[in-house]
Amino acid sequence: MTEQEKQTEDRIFEAATEVFVDKGLDGARMQDIANRAGINKSLLHYYYRTKDRLFTAVFEMIAGQMFRKFGPVFDEQMSFEEKIRFFIREHISFLQKNPKLPVFLLSEFHRNPEKISKIIHNLDLNKFWSVLENQHRDELDQYNITRENIPQFMTTVAGMTVFPFAARPVIAGLMGKMGYDFDTYLEERKEWAADFVIKALKK
């Protein structure tokens with residue numbers, strides 16, 4: 001791929017991400033994406049023949065960005081508690097930069113469950129558990145976290161970071177009436193949510 005082709009593909013990805021997040025898979029049109037990328041529709045089809053292919057590529061790119069962001073959770077030098085703090089802090093930071101992402105993903109999960117299931121089929125959660133078990137067996141035993149209940153733990157932690165963004169209009173509105181600033185709340189939540197999870201595990 002030439003440098004010019006790489007730049008064109010980068011523009012397509014950026015434009016497609018914006019359009020898909022704004023309109024969802026069903027509402028997005030290839031012409032909208034081409035217009036936002038500043039290219040003609042024929043060139044867009046040259047790179048990605050169908051909207052489904054482009055959506056899959058964008059979804060996988062977003063997933064890849066998130067997993068690379070959270071790579072340090074596999075660092076054996078970090079304690080389990082440090083990994084909890086790292087994940088919550090970095091996940092909130094990632095969503096602060098991509099605030100529309102949770103609503104977009106949740107909408108697509110509901111509108112296209114089979115398609116999303118196919119895309120995430122290759123995620124190896126057993127590998128994730130194996131790494132945690134090998135690195136933190138004593139801590140996991142102490143907190144009573146097992147292979148059977150790890151989904152409960154993971155979704156609980158993820159929910160604490162995702163929900164403020166998914167329900168942002170309501171939460172920001174309520175906080176505004178109480179005199180709280182939403183951005184300040186997010187910064188404080190990076191530490192508060194981690195403290196809450198760790199204290200709950202130690203009970």
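No value in this document is a laboratory result; all are computed from the given coordinates. From a predicted model like this one, the values you see are computed outputs, not experimental measurements. Reconstructed Cβ throughout: ideal geometry from the backbone, glycine too, with neighbour counts over all protein chains shown.
General remarks:
- Distant alpha-carbon pairs in the stretch 39-93 (separation over 14 angstrom), percent: 65
- Options [x] 1, 7, 15, 19, 19, 15, 11, 7, 4, 1, 0, 0; [y] 1, 8, 16, 21, 22, 16, 9, 4, 2, 1, 0, 0; [z] 1, 6, 13, 16, 16, 14, 13, 10, 7, 3, 1, 0, 0 - which one matches P(r) over Cα pairs in 5 Å bins from 0, in percent as calculated here: [z]
- FRET efficiency, 1/(1 + (r/R0)^6) with R0 41 Å, evaluated for M175 and E133 via beta carbons: 0.55
- Exposure proxy order (Cβ contacts within 10 Å, fewest to most) of M178, M78: M178, M78
- Extended-chain gain in nm, criterion 0.36 nm per residue less alpha-carbon gap, A167 and D10: 53.5 nm
- Radius 10 Å from Cβ of A193, net charge of other residues (Lys, Arg +1; Asp, Glu -1): +1
- Most mobile of N35, N149, N98 in a GNM of the chain (Cα contacts under 10 Å): N149
- Among K127, K69, K177, K51, the order by Cβ neighbours within 10 angstrom, fewest to most, reads K177, K127, K69, K51.
- Listed pairs K69/K190; K83/K190; K23/K190 exceeding 19 Å between Cα atoms: K23/K190
- Between the helical axis of 3-27 and the longest alpha-carbon principal axis of the chain there is an angle of about 70 degrees.
- Fully extended contour minus Cα-Cα distance, from Q65 to E187, at 0.36 nm per residue: 41.8 nm
- The chain: most fluctuating residue of F94, F13, F67 per GNM, C-alpha cutoff 10 Å: F67
- With a simple spin-label model that places each label point 7 Å from the Cα along the Cα-to-Cβ direction, the separation between T156 and S79 comes to 1.9 nm.
- Taking a straight line from the alpha carbon of K177, these aspartates and glutamates sit under 20 Å away, with near neighbours fewer than eight places off in the same chain left out: E187, E188.
- For L174, L201, the sequence from fewest to most other C-beta atoms within 10 Å is L174, L201.
- Sparse-neighbour loop sites [GluC sites (Glu not before Pro); the stretch 133-182; at most 11 other C-beta within 10 Å; DSSP]: E148
- Low-density loop cleavage sites - GluC sites (Glu not before Pro) in the stretch 1-85, where at most 13 other Cβ are within 10 Å (DSSP): E76
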